[in-house]
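Okay, so here's the structure we're looking at.
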Amino acid sequence: MTITRRGALGAAILTPLAAPLLVPGAARAQGSWAPTRSIRLVVGFTPAGTTDIAARLLAEPLGRRLGQQVVVENRPGAGGNIGNDIVAKSDPDGHTLLMQTISGGAINYSLYGARMPVKPEDLAAVGLMIRVPNAIFVSPSLPVRTLRELVDFAKARPGRLNIGSSGAGTSLHMTGELLKLEAGIDMTHVPFRGAGPMLQEAIAGRIEVGVDNLPSVIGHLRDGRLRPLAVTTKERSPAMPEVPTTAEAGLPGVEATAWFGVQAPARTPRAAIQRISDEMNAIIREPDMQRRLADLGGMAPNLTPDGGTSPETFDAFIKAEITKWSEVVRRSGAQVE
């Protein structure tokens, strides 16, 4: 299911990809590795969510720079684990990539435990693309306008409010768990197969509360179909500066920054990983891309001194995130069936 209405930028991103300018000779001249056929960029979530948006933002310019089309392939399920598994088992030749998320790249290792189909070492870091806030919002039918009012409303109705996410184990699920822990409230988590279905149910008022990455929900927040209460980053988002942070709303412990980056199968040649990472850095620095990311509420990778990314810094970042979120999973007692 797709979202029925989006901002102009989101709608443009989800249109069919234009064929990139194929210049394989130039591509080969720019580095020691070049693809020899189209590249799959696997997304472990449904269309219309932030992971899909990030992948489609990257695919066209990356294909243009590499001289081969980059095709986005949505393979949703199990909180991103299906996509993880597909990429980990693909030929390690640089022609299959994964748009990785905080869920599949960090949270799921502790949440799924022995049922996790891949290990961290089965995937190789290429580069971080974007970091984004999560937004906590409610259906306009709910008579609350601030995060504090939501907490008070929920405390008076323990277990009666539903809080939706794009799937069990996602950063949105875990952000909701953090909210319940820090606020001392009881709400029922309702997982969906992607952001699109969850947002539709929230707009219809069939779930009262939701958590989503800002890029995929921002159009609905701006047009009033959903009511924003807070963003989960330390600073307000320039894309919606009127929305307070969770700290400003009295819950500083509810801090979670979603992230989206590229991984490849382990044993992918170093030359391929470095080439793709270098091209990602060049794309991220383009003024038009910076404008698009800012419009979505996104933040630069900032893993290297120049604000970019590298395979080494992204690998270290992922390891730190695995450690951080394993503690959140332990504290919350979150489980997936």
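Could you tell me which of the residues Leu181, Leu172 is at pLDDT below 95, open to solvent by 10 Å² or more (accessible area, probe 1.4 Å), part of a helix (DSSP H, G or I) and not basic (Lys, Arg)?
Answer to the check: Leu181.
Being in contact with a strand residue (DSSP E or B) (Cβ under 7 Å, 6 or more places away or on another chain), closer than 22 Å to Val43 by Cα and surrounded by fewer than 23 Cβ atoms within 10 Å (Cβ to Cβ): is that true of Asn74 here?
Answer is yes for this residue.
From the list Pro228, Pro158, which one is more than 23 Å from Asn108 (Cα to Cα), at pLDDT 95 or above and touching an Asp or Glu at 6+ places or on another chain (Cβ under 7 Å)?
Numbers: Pro228 fails: touching an Asp or Glu at 6+ places or on another chain (Cβ under 7 Å).
Exactly one of Pro228, Pro158 is more than 23 Å from Asn108 (Cα to Cα), at pLDDT 95 or above and touching an Asp or Glu at 6+ places or on another chain (Cβ under 7 Å), namely Pro158.
Could you list, ordered by first residue, the pairs with Cβ atoms under 6 Å in which the first is in the stretch 37-63 and closer than 24 Å to Val211 by Cα and the second is surrounded by 22 or more Cβ atoms within 10 Å (Cβ to Cβ) and of a type in the set (S, T, N, Q), at least 6 apart or interchain?
What qualifies is Val43/Thr51; Phe45/Thr51; Gly49/Ser166; Gly49/Ser216; Thr50/Asn213; Thr50/Ser216; Thr51/Thr101.
Among what's in the stretch 79-111 and is open to solvent by 30 Å² or more (accessible area, probe 1.4 Å) and in contact (Cβ under 8 Å) with a residue 60 or more places away in the chain, pick the residue that is farthest from Ala334 (Cα to Cα).
Per the criteria, the residue is Asp93.
Could we say that Val254 is open to solvent by less than 20 Å² (accessible area, probe 1.4 Å), in a loop (DSSP other than H, G, I, E, B) and either farther than 15 Å from Ala54 by Cβ or modelled with pLDDT of 95 or more (or both) here? First the steps, then the outcome.
Numbers: open to solvent by less than 20 Å² (accessible area, probe 1.4 Å): yes; in a loop (DSSP other than H, G, I, E, B): yes; either farther than 15 Å from Ala54 by Cβ or modelled with pLDDT of 95 or more (or both): yes.
Taking the combined requirement at face value, the residue satisfies it.
Yes/no matrix, rows are residues, columns are (1) at pLDDT below 85; (2) under 17 Å from Asn281 (Cα atoms); (3) open to solvent by less than 50 Å² (accessible area, probe 1.4 Å):
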site	(1), (2), (3)
Leu9	yes, no, yes
Pro24	yes, no, no
Ala34	no, yes, yes
Val42	no, no, yes
Asp52	no, no, yes
Glu60	no, yes, no
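Which condition breaks for Arg131 when tested against (1) farther than 30 Å from Thr304 by Cβ; (2) open to solvent by 20 Å² or more (accessible area, probe 1.4 Å); (3) not polar (S, T, N, Q)?
In the conditions (1) farther than 30 Å from Thr304 by Cβ; (2) open to solvent by 20 Å² or more (accessible area, probe 1.4 Å); (3) not polar (S, T, N, Q), Arg131 misses (1) alone.
Mind listing whichever residues of the stretch 184-213 are open to solvent by 10 Å² or more (accessible area, probe 1.4 Å), more than 22 Å from Gly333 (Cβ to Cβ), free of Cβ contacts under 8 Å to residues at least 40 places away in the same chain and in contact with a Ser or Thr (Cβ under 6 Å, 6 or more places away or on another chain)?
none
Do you know which residues across the stretch 139-153 are open to solvent by 40 Å² or more (accessible area, probe 1.4 Å) and either of a type in the set (Val, Ile, Thr) or part of a loop (DSSP other than H, G, I, E, B) (or both)?
Pro140, Ser141, Pro143, Arg145, Thr146, listed by residue number.
Testing Pro301 on (1) in contact with a strand residue (DSSP E or B) (Cβ under 7 Å, 6 or more places away or on another chain); (2) part of a helix (DSSP H, G or I), one condition comes back false. Which one is that?
For Pro301, the exception is condition (2).
Could you count how many residues in the stretch 264-290 are under 18 Å from the mean Cα position of the chain (by Cα) and without any contact (Cβ under 8 Å) to a residue 60 or more places away in the chain? Quick ask: steps written out before the conclusion?
Just the residues of the stretch 264-290 that are under 18 Å from the mean Cα position of the chain (by Cα), to begin with: 264, 280, 284, 289-290.
Those left that are additionally without any contact (Cβ under 8 Å) to a residue 60 or more places away in the chain: 290.
The total comes to 1.
Within the stretch 111-124, can one find any residue that is within 16 Å of Gly210 (Cα to Cα) and of a type in the set (Asp, Glu)?
No, the conditions are met nowhere in the stretch 111-124.
The values are calculated or read from the model by the stated rules, or taken from the named source; none is laboratory data. Just so it is clear, the structure is predicted and the values come from calculations on it, not from any experiment. All Cβ positions, even for glycine, are placed from backbone atoms using ideal geometry, and neighbour counts span all protein chains on display. We work out accessible area using only protein heavy atoms, side chains counted, and drop any ligands, DNA or RNA first. Shrake-Rupley method; radii C 1.70, N 1.55, O 1.52, S 1.80 Å.
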